[in-house]
Amino acid sequence: MILKTWINSMIGSAVLGGILLASTSAYAAPASPPNVFVNGQYESNAISVEGRTLVKLRAL
């Protein structure tokens, strides 16, 4: 009797969890280039990869 109650509660939890997970959705924000200022000048060629900002270096 205890096993039957346990199985019913596990099935109910799985169904409820499935419904909750199916009803929530996550959408990513549109990608936009990061605003980077180097020596007071805006750098338009900066990119962002895995949370890191990469800026091209050039020789002076």
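Among the residues of region 16-44, those that are at pLDDT 75 or above, part of a loop (DSSP other than H, G, I, E, B) and exposed (fewer than 10 other Cβ atoms within 10 Å of the Cβ) comprise Asn39, Gly40, Ser44. Can you tell me which residue within region 45-60, out of those that are part of a loop (DSSP other than H, G, I, E, B) and either loosely packed, with under 10 Cβ neighbours inside 10 Å or of a type outside the set (A, V, I, L, M, F, W, C) (or both), is modelled with the lowest pLDDT? Per the criteria, the residue is Leu60.
The values are calculated or read from the model by the stated rules, or taken from the named source; none is laboratory data. What you see is a predicted model; the values in this text were computed from it and never measured. As a convention, Cβ positions derive from the backbone with ideal geometry for all residues, glycine included, and neighbour counts pool all protein chains shown.
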